[in-house]
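Asks: This is the structure I have questions about; it appears just below.
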Amino acid sequence: MTTTSQAVTAEIAEPIGTITLRAARRRNPLSRSVMREATRLLRDLSSDARVRVIVLAAEGPAFSAGHDLAEVHGATLDDERSIFAACAELMATVHDVAQPVIAQVQGMALAAGCQLVATCDLAIAADDARFSTPGVKIGLFCSTPMVPLTRAIGRKRAMQMLLTGEMVDAATAVEWGLINAAVPAAELTEEVHQLATRIAASSADTLAIGKRAFYAQIDATEPEAYRLMTETMAANAVTCDAREGIGAFLEKRQPVWADRTGP
């Protein structure tokens, strides 16, 4: 795929689209330009019918050290607003795209890098990966990383990370729900590929309905969530793929989804 930045690129190997942070020597900082490019690439991959799952990966010894502090330091208030608005747009886009987004994490994921991991629908990390929101140590509290972090791991654990800035190891990140699994570093890429492939076997339309529904109900009250999901499930049940899938189950055969010619 085309890209205007060598710091972040995208490629498709059906049915998986992969966005890769490539500024390995600088620990893949999330500069404003990188965040805007990653946002554009997410939207491009989402609009490609070949892509059923998106992976966010990174080159080098770190997933991402977070914001580019050289860009943040000394900027005007309007520039700071622009930087953090680009960050918020990237995180929102991860949720807005129809496909499930999996973070593939090695090394450190710090500050906005940790925020990106917490935002992704799923996250698999190397077992030596570490996570931190260390902004408190440099006078810049990790307020935007706090948004997905609190929703992923809960108030007390998030406050511990935010107030201390201390590292959390991969095993703890699994226990807390920040990531789904930690695997040996040599197996990370294959583990993510297998997970993405299993997910991609399902109907693309059904996955999109489910992802959209998840974020619609997650912060709603229970009665409102049931109201929303009752309508969602009813509308889902009359789609072509739901009828095909239920029919295939009853007939003891493999379903053929509307977006492909075979199971």
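The values are calculated or read from the model by the stated rules, or taken from the named source; none is laboratory data. Nothing here was measured: the structure is a model prediction, and the numbers come from that model. Using ideal geometry, Cβ is built from the backbone for each residue, glycine included, and neighbour counts are taken over all protein chains shown.
Asks: How many residues does the stretch 21-31 contain that are out of contact with any Phe, Trp or Tyr (no Cβ under 9 Å at 6 or more places or on another chain) and crowded, with 19+ Cβ neighbours inside 10 Å?
Replies: So the answer is 4.
Asks: Residue check: is Phe63 within 21 Å of Leu195 (Cβ to Cβ) and among the hydrophobic types (A, V, I, L, M, F, W, C)?
Replies: On the way: within 21 Å of Leu195 (Cβ to Cβ): yes; among the hydrophobic types (A, V, I, L, M, F, W, C): yes.
It is true that Phe63 is within 21 Å of Leu195 (Cβ to Cβ) and among the hydrophobic types (A, V, I, L, M, F, W, C).
Asks: Okay, moving on. Considering every residue within the stretch 166-188, establish whether at least one is more than 17 Å from Ala112 (Cα to Cα), free of Cβ contacts under 8 Å to residues at least 24 places away in the same chain and among the charged types (D, E, K, R).
Replies: Looking through the stretch 166-188, at least one residue is more than 17 Å from Ala112 (Cα to Cα), free of Cβ contacts under 8 Å to residues at least 24 places away in the same chain and among the charged types (D, E, K, R).
Asks: Can you say whether Thr93 is surrounded by fewer than 20 Cβ atoms within 10 Å (Cβ to Cβ), at pLDDT 95 or above, assigned by TED's automatic domain parsing to the domain that holds Leu195 and among the hydroxyl-bearing types (Ser, Thr, Tyr), as far as the supplied structure shows? Show your work before the answer.
Replies: Working: surrounded by fewer than 20 Cβ atoms within 10 Å (Cβ to Cβ): yes; at pLDDT 95 or above: yes; assigned by TED's automatic domain parsing to the domain that holds Leu195: yes; among the hydroxyl-bearing types (Ser, Thr, Tyr): yes.
Answer is yes for this residue.
Asks: Take Ala125 and decide whether it is part of a strand (DSSP E or B) and either crowded, with 24+ Cβ neighbours inside 10 Å or of a type in the set (Lys, Arg) (or both). If you could, list the steps in order and put the result at the bottom.
Replies: Numbers: part of a strand (DSSP E or B): yes; either crowded, with 24+ Cβ neighbours inside 10 Å or of a type in the set (Lys, Arg) (or both): yes.
Yes: the conditions hold for Ala125.
Asks: Here is a follow-up. So which helices (runs of 4 or more DSSP H) are wholly in the stretch 195-263 and hold at least 3 residues that are touching a residue at least 40 places away in the same chain (Cβ under 8 Å)? Before the answer, list the steps.
Replies: Values: elements: 204-217, 222-237, 240-251.
Passing ranges, in order: 204-217.
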